[in-house]
Amino acid sequence: MLLRQAFAKAQVQARLQVVPDGAEVIEYLRGAGVYADRVAFPFPHLLLLDVNTPRRNGFEVLEWLRQQPSCHNLMVHVFTSSARAADVTRAYELRANSYVVKPSRMDELTAFAKALGDWHRFVRLAPPSLGGASTLVSKEREP
């Protein structure tokens, strides 16, 4: 809810898809099960990934997706509450594109949403063949 509010406040035009856990992220990326309809659930332009998700943690998801040809060019921004150096190192070892510690204040979250939106608006980060410009967010809870 807070992330949606921040994107709206920052006037970032993005379609947010939120899933409850790491296993659901994989199902979404695979286009399997309830996510099989790519019109309703388009392949994401970027992924905000929390390392602290149930069922499969963010590192497991990142490891899985970097082995998938269909996800090879997917931009992955780790967006988590963990500031542990070991977590940052692990994320980059698994080829995360960035690591962001979740802001604790709404104005900071809005600034993050605006910066992320601006970055992805001005820089073509994914080949056009990857499809839509939706954003997928995997989180157990909002910051």
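Read-outs throughout are calculated quantities, based only on the coordinates presented, and are distinct from any laboratory measurement. Source: prediction; values computed, not measured. Glycine gets a Cβ as well: all are built from the backbone with ideal geometry, and neighbour counts include every protein chain shown.
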Set Lys and Arg Cβ to +1 and Asp and Glu Cβ to -1, take the dipole of segment 2-138 about its Cα centre, and tell me which of VAL101, GLY33, VAL12 lies farthest positive. VAL12
In 10 Å bins starting at 0, how do the alpha-carbon pair distances of segment 2-138 split up by percent? 12, 45, 37, 6
Neighbourhood charge, 13 Å Cβ-Cβ cut-off, centred on TYR35 and excluding it, Lys, Arg +1 and Asp, Glu -1: -1
Which shape class applies to segment 1-56: rounded if a/c is under 1.5, otherwise prolate when a/b exceeds b/c and oblate if not, where a ≥ b ≥ c are the square roots of the Cα gyration tensor eigenvalues? oblate
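Give a quick list of trypsin sites (Lys or Arg not before Pro) in segment 1-71 that DSSP marks as loop, anything other than H, G, I, E or B, with at most 15 other Cβ atoms within 10 Å.
Qualifying residues, ordered by number: ARG38, ARG55, ARG66.
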